[in-house]
Amino acid sequence: MDAFDNSRFEQYKDEVRKRWGDTAAYAEYAAKAENGSAAPDAAAGMERLMDAFAACMQGGAAPDSAEAQALVRDLQAYITAHFYTCTDEILAGLGQMYTADERFRRNLDQRAPGTAAFISAAIKSTKAADR
């Protein structure tokens, strides 16, 4: 299952460029994409992380549990390694976007209803000092 619907990739790409094209994170991502240092299987790794969040939730863990918090740290590290430096601020914004943007919520919740909200709550409950 795809964590994110790639069928509208070009549309999303344009949207991302318009919204964040002048940020350092976007410049870092574009450089990695251009020079090939972004792993070609990076999307598959994101899939595995989103599956792990769904499994964590379905297993009864709370968003502030050690297991969920470890996944938040893994997510932040993965994004940093494969896409752009995922600061605490960016991570918090992603957590909000996972529930505020219906496209993200719908795709994440395909794993299990409530996955997007679980990830968002896990990110929100993470203390910066714990990352």
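The values are calculated or read from the model by the stated rules, or taken from the named source; none is laboratory data. Predicted, not measured: the structure shown is a model, and the values here were computed from it. Positions of Cβ are backbone-derived with ideal geometry, glycine not excepted, and every protein chain shown enters the neighbour counts.
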Count of segment 53-75 residues which are crowded, with 17+ Cβ neighbours inside 10 Å and among the small types (Gly, Ala, Ser): 3
Qualifying residue in segment 87-98 (condition: assigned by TED's automatic domain parsing to the domain that holds residue 51, more than 22 Å from residue 61 (Cα to Cα) and buried (at least 20 other Cβ atoms within 10 Å of the Cβ)): no
Positions within segment 50-66 being within 17 Å of residue 125 (Cβ to Cβ) and in contact (Cβ under 8 Å) with a residue 24 or more places away in the chain, in sequence order: 53, 56, 57, 63, 64
Contacts under 8 angstrom Cβ, first residue in segment 108-122 being without any contact (Cβ under 8 Å) to a residue 40 or more places away in the chain, partner among the charged types (D, E, K, R), 6 or more apart: 116/105; 116/109; 117/105
Residue that is farthest from residue 44 (Cα to Cα), among those in segment 100-131 that are buried (at least 19 other Cβ atoms within 10 Å of the Cβ) and of a type in the set (Ser, Thr, Tyr): 126
Helices (runs of 4 or more DSSP H) (entirely within segment 47-131) containing at least 1 residues that are under 12 Å from the mean Cα position of the chain (by Cα) and of a type in the set (Gly, Ala, Ser): 66-82, 88-100, 115-125
Single condition residue 84 does not satisfy, out of (1) at pLDDT below 95; (2) surrounded by fewer than 20 Cβ atoms within 10 Å (Cβ to Cβ): (2)
Within segment 100-131, tally of residues that are among the acidic types (Asp, Glu) and modelled with pLDDT of 95 or more: 1
